[in-house]
Structures are given as structure tokens and as C-alpha cells.
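Beneath this line is the structure, given in C-alpha cells, with notes to follow.
The values are calculated or read from the model by the stated rules, or taken from the named source; none is laboratory data. Just so it is clear, the structure is predicted and the values come from calculations on it, not from any experiment. Note: ideal-geometry Cβ built from the backbone for every residue, glycine included; neighbour counts use all protein chains shown. What goes into the accessible areas is simple: the full protein's heavy atoms, side chains included, and nothing from ligands, DNA or RNA. Shrake-Rupley method; radii C 1.70, N 1.55, O 1.52, S 1.80 Å.
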Amino acid sequence: MSGATRILQVGIDSDPDVVMVRQRARQISALLGFGVQDQVRVATAVSEVARCAYGRLSGGRAHFALELQGAMQVLVVTIRADGAAARATPLAAGVEVETPAAQLNNAVLTARRLMDGCSVQDDATPGLNVVMIKEIPGGQRIDGAGLNRLGAQLAASPVQNTYSEMQQQNRELASALAELRERQDDLLSLTRELEDTNRGVVALYAEIEEKAERLRKADEMKSRFLSNTSHELRTPLSSIRALAKLLLDRMDGELSVEQERQVGFIAAAAADLSELVNDLLDLAKIEAGKVEMTIAPVEVATLFSALKGMLRPLAINPEVELVFKVPDDAPTVLTDEGKVAQILRNFISNALKFTESGAVTVEMRDADHPGYVTFAVSDTGIGISPDNLQLIFEEFGQVEHALQRRVKGTGLGLPLCRKLATLLGGAVDVQSEAGAGSTFTLRLPREFQQSDDEGYSS
Ligand code: ADP
């Protein structure tokens, strides 16, 4: 073996020799600084392979050496048997239960588990040449002087008889058993820990369920509260609006300029408040599942001209053009016209609010999904940055912007649109970029199906 420094060679010509090889393996590994467990590992691996050399081939040699492999020094144990004196007959009836090949296989498997490496060289057929290696512990290096000392110590360590080796093996077995018991105890405590964790997870799960139930109840209460208070608010608000209108129409006599200004404020505030109350009431109604659907065929051209009429008062900025595009072959859609109009109205009024110049275009497009139609409202306005695209669909979600402070709004329009679209079996979506305009889309099934309450999600 090139680069190897020999420590010891032991012949294996009898059963006691196998015992001796085992003892020497233990002594050498102890002198090389291996811990007790590793000494037992080396001794067991070496004696298992040595037993094959004797049992199968009636003799061989065990060769112990040190070798430098890269930066580390390793103990190399080679067991060779040339097979010249191979046994003609089994040892005795009932003794050789394993075939020789199986015996060698098992020995090599054991050695692989106990050493850092074990290879069978195939240059020795029908004999055997097995090389096992194990790294010297602690990265230490044994030089020539150290090797001489080791040789002297080995010479001074007598090989004991079979009986004392058996005692030694018994002690090793006892300590292996103790180690096993310790591991078993560790495993037991780990199992207990896992069981505790499991119980904890189950308890947490129950807590989450309870919290979810509480949240559901709170949500229900919120809807009920909103709907009750909205009803309570609507009546006085209508009275305020009607009375303000009476005063502004001079039904109750002339107003001074200041009085007209003040009553104008009252009318505008009451109008804003009733918009908020209406949105809240609509949301509460949807959440309570109390929305009624009126499904009928809808002509897109009719829907668009109604929207045009409704939104004309909002399109007062001469810098912004409001364009409706209806394709010639626009299909009839079976849906709830009022709710579709409500969604598009909200999209368009937002587009007009957040566009200072350019155009707001309302159109019907071919949907990318068969059985669906898409309405799109695009503008050339302030746009929305990607991190705000989720926020705008949350209740009261509004984006900070100089223009935002100048326009009116509740932050409830888009969440309402999303809920209404889901009710219609469709979905709303937005594509936008800050400063580059936005496109809000409403995708709807061409024919509304009552059971399809999950909606189409893109
Ligand atoms: P509101 O318009 O009443 O504030 P919405 O829920 O309809 O409430 O809209 C929420 C927010 O989304 C708006 O306040 C605005 O910040 C942003 N937004 C909606 N539409 C547009 C748009 N077309 N361009 C830019 N921002 C928009």
C-alpha cells in the first residue's frame, strides 16, 4: 500500500487468531486515541471480516497501517486471504448456517456501518482482500517517533486468552446495551415532548376555531348594526336634504347670499353622508345575504347610453373626454342590469375623479374565458402603485395623493363593486401603474347561473 506506514501484521490461521486480531484492533485504536465506543467499533468490524478470512478460506493476514489521505491521517486495516487453503468441507453440521458469500456480505455491511469506509478489492478471487479505514480522532498526526512508541506499547501489551476476551466482549455488550437504553430513554422523552406539542397544537386549533366563531358572530353583529343604524340615518338625512332643497328653491322666501352659501354646505354635506350611508347599507345587505337579484337580458348599447346620461353631470372637466365604445356585435348578457350599472358607475366616477386630462374610455371587450364578457373602464389619470392595488379593494382603503384630498369619496365603492361582482358570478380586477392611468375590469358570465355564487376568479 503506497504511502502507508505499517503498524502491525497478524496471521489468522485459527479461531484464537481471530480473537487476537480483535484484541489487537482494540489495543491499536486505543493507542491511536480513539474513544471507547470507537475502539469497540473498530475491533468488531475487524474481527467480523477476519472471521470470514479464517472461516471461509482457512487463513490469511490482518495488516494494520497508518496512511495520509489528503490532510488527514487514517487507520487502514487490510484483511487478506489468498484462498489457497480454502476449506473443502463446512466446519461442522449446523455451524455454518450462512453461505460464505452471505457471511462476507454481512461482515462488509457491518464494517461499513462501524468504520468510515470499507471496500472489497476484487483482485483476490477466490481469496479475499478487504480494506477498512477510520479517521484518527481529533485531527492529530502520528509521526515516526509516535509510531515507534506505539510499537513498543503494543509489544508490551500482551494478548490475552479467549476467556478474558469473552469477558471483555461481555463488558462491551453491557455498555452498548446501556447506551441503547439511554437512547431509548431519549426517544421516550422525545415522544413525550412530541405528544405535548401535539396536545398544544390541538388546543391552539380549538382556540383558533373559537376565535373564528367569535369573529363570524362579530361580523354578523357589525352587519346588523350597520343596517339598523343606516336605516335610522337615512330618514333624517332625507329630511335634511329635502328641507335644504326647499330653502334653496326659495319655497320659504328669499335667502341672503350668506344664507344661500350656508344652506348649500348643508345640502352638500347631507348628499355626501347619504352616499356613505347607501354604500354601507349595500355592503351590510350583501354580507347578510339579503340582496335580491333581478336577472334579465341586458343590451350593452342600452346599458351604455343609460350610463352616459347618468354620468354626464360628473364629466364637467373639459380636459377629459368620456368615451363609450360598443362593438357592433355586442352580445346580449343575461344578468342583473342594476348591479352591473352600479359597478360601472363607480368605476367611471372614480376614473373621472382621478383623471385631470385625457380620456376615460368605457368599452366591452372579448373575454379571455369562454362564456364570459368583460367590461373595461380605462383612464389616463394618476394611476395606482403596485403596493396599493390590494388596499383599494379594502373597506375605507384610499391612496394618499394630492388629488385625493380635493375629491370626495368614502373608500367603500370598490369593496362594494367586488362583492357585487361575486354575487353576479364574476370578478373585478385592476391593471394600473402610478402616473400612467388605470384600467378597471368587470368580468361576468354571459348567462348568470343562480348556483354559481363562487364567482369567476382569475
Ligand atoms: P372612493 O372613490 O369613494 O374613495 P373607492 O373604493 O371607489 O372609494 O376607491 C378607493 C380608492 O382607490 C380611491 O380613493 C383612490 O385612492 C383609488 N382609486 C380608485 N379608482 C381609481 C382610479 N381610476 N385612478 C386612481 N386611483 C383610483
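Yes or no: Phe440 within 11 Å of the ligand (Cβ to nearest atom), closer than 23 Å to Val300 by Cα, open to solvent by less than 40 Å² (accessible area, probe 1.4 Å) and not in a strand (DSSP E or B)?
It is false that Phe440 is within 11 Å of the ligand (Cβ to nearest atom), closer than 23 Å to Val300 by Cα, open to solvent by less than 40 Å² (accessible area, probe 1.4 Å) and not in a strand (DSSP E or B).
Which residue is farthest from the chain's Cα centre (by Cα), if the candidates are limited to the stretch 390-410 and must be open to solvent by less than 40 Å² (accessible area, probe 1.4 Å) and closer than 30 Å to His369 by Cα? If you could, list the steps in order and put the result at the bottom.
First, pick out the residues of the stretch 390-410 that are open to solvent by less than 40 Å² (accessible area, probe 1.4 Å): 392-393, 397, 399, 403-404, 407, 410.
Subset that is closer than 30 Å to His369 by Cα: 392-393, 397.
On the way: Ile392: 27, Phe393: 26, Gly397: 29 Å.
Of everything passing the filter in the stretch 390-410, Gly397 is farthest from the chain's Cα centre (by Cα).
Any residue in the stretch 7-34 that is outside the structural domain of Leu114 (by TED's automatic domain parsing) sitting within a Cβ distance under 9 Å of a residue that is of a type in the set (A, V, I, L, M, F, W, C)? List the pairs, counting only those 6 or more apart or interchain.
Sorted first by the residue in the stretch 7-34, then by its partner, the list stays empty.
For the stretch 379-414, how many residues meet the condition of being more than 9 Å from the ligand (Cβ to nearest atom) and closer than 19 Å to Asn317 by Cβ?
4
Among Ala270, Ala359, Ala244, which is within 14 Å of the ligand (Cβ to nearest atom) and either open to solvent by less than 60 Å² (accessible area, probe 1.4 Å) or outside the structural domain of Gly409 (by TED's automatic domain parsing) (or both)?
Ala359
Do you know which residues across the stretch 332-345 are within 17 Å of Ala376 (Cβ to Cβ) and either open to solvent by 60 Å² or more (accessible area, probe 1.4 Å) or in contact with a Lys or Arg (Cβ under 8 Å, 6 or more places away or on another chain) (or both)?
Val333, Arg345
Take the conditions open to solvent by 10 Å² or more (accessible area, probe 1.4 Å), at positive phi and small (Gly, Ala, Ser) and apply them to Gly70. Does it pass?
For Gly70, the condition - open to solvent by 10 Å² or more (accessible area, probe 1.4 Å), at positive phi and small (Gly, Ala, Ser) - is met.
Out of all the residues in the stretch 248-257, is one or more assigned to a helix (DSSP H, G or I) and crowded, with 17+ Cβ neighbours inside 10 Å?
Within the stretch 248-257 (the criterion being assigned to a helix (DSSP H, G or I) and crowded, with 17+ Cβ neighbours inside 10 Å), the answer is no, since none of the residues qualifies.
Name the single residue, out of those in the stretch 306-331 being away from the ligand (no atom under 16 Å from the Cβ), over 44 Å from the mean Cα position of the chain (by Cα) and open to solvent by less than 70 Å² (accessible area, probe 1.4 Å), that is modelled with the highest pLDDT.
Selected residue: Phe324.
I'd like the residue in the stretch 104-162 that is over 16 Å from Leu75 (Cα atoms), aliphatic (A, V, I, L, M) and outside any helix (DSSP H, G or I) and, out of all such residues, is least open to solvent (accessible area, probe 1.4 Å).
The extreme case among them is Leu128.
Restricting the search to the stretch 415-437, which residues are part of a helix (DSSP H, G or I), open to solvent by 20 Å² or more (accessible area, probe 1.4 Å) and within 12 Å of the ligand (Cβ to nearest atom)? Working first, answer last.
Keep residues of the stretch 415-437 that are part of a helix (DSSP H, G or I), which gives 415-423.
Within this subset, residues satisfying the condition of being open to solvent by 20 Å² or more (accessible area, probe 1.4 Å) are 418-419, 422-423.
Result: Arg418, Lys419.
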